[in-house]
1. Dividing the Cα radius of gyration by the Kirkwood radius, what Rg/Rh value follows for region 52-103?
2. Considering region 1-92, what Rg and Dmax in Å follow from its alpha-carbon atoms?
3. As a test question: what accessible area, to the nearest 10 Å², does R146 have when a 1.4 Å probe is rolled over all protein chains in place?
4. From zero outward in steps of 5 Å, how is the percent of C-alpha pairs of region 33-80 spread across the bins?
Amino acid sequence: ATQSDRDALAVMLASLAGEAYFDAVAAAEQLAVLQAQVAANASLLEVTELMFAGGTVTAIDVLQQRQRLAAARAQLPLARMRQRIQQQRLAVLAGRAPLRALPPTAVEQPALPPRPTVGAPAELLDNRPDLRAVAERTTAARDEARSAVRRYLPAFGLVAQAGRQYFHATETRTKDVW
């Protein structure tokens with residue numbers, strides 16, 4: 001069961017590391033989208049101000065665009081923080097110090113390994129280490145229960161001994177085995 005527990009822990013750690021990687025990539029993408037939104041809102045504000053100077057739009061349009069730009073800029077620190085948290089989570093799962101700088105997460109997705117064969121449902125116990133550990137614990141508990149029941153049952157034993165026994169030296173001729 002211990003080996004299966006170790007294997008289950010390895011599967012769980014690999015799953016968490018994969019999830020942390022994709023979360024870090026998603027956070028980097030969200031930050032990039034937000035930065036592009038801030039740049040677009042800033043250029044749109046410039047256009048709106050030029051249109052206001054030309055008399056095409058009202059002051060409300062300029063104020064609304066300034067408000068949109070300020071709202072987008074206000075989200076930047078939170079997005080940077082999310083990205084940093086995900087990078088540190090990935091660093092911890094990779095066995096690195098969390099404050100150590102990590103290389104930037106790539107936007108490109110790695111190639112996936114071949115899809116594992118699922119097999120029959122009966123083979124599930126052999127393929128998953130966590131289920132294998134549970135099965136081994138169940139077997140051990142069943143054996144322990146059987147042993148406990150057998151301890152309370154009466155036990156019969158047969159003992160046999162053979163040998164020579166003499167009370168006097170003269171009996172060696174008359175009695176062979178007792």
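The values are calculated or read from the model by the stated rules, or taken from the named source; none is laboratory data. Note that the coordinates shown come from a computational prediction; the quantities given were computed from them, not determined experimentally. Side chains are part of the model used for accessible areas, which takes the heavy atoms of the whole protein and leaves out ligands, DNA and RNA. Shrake-Rupley method; radii C 1.70, N 1.55, O 1.52, S 1.80 Å.
1. Working: Rg = 19.8 Å, Rh = 14.0 Å.
So for region 52-103, dividing Rg by the Kirkwood Rh gives 1.42.
2. 21.9, 78
3. Accessible area of R146: about 120 Å².
4. Calculated P(r), rounded to whole percents: 5, 25, 27, 18, 13, 8, 3, 1.
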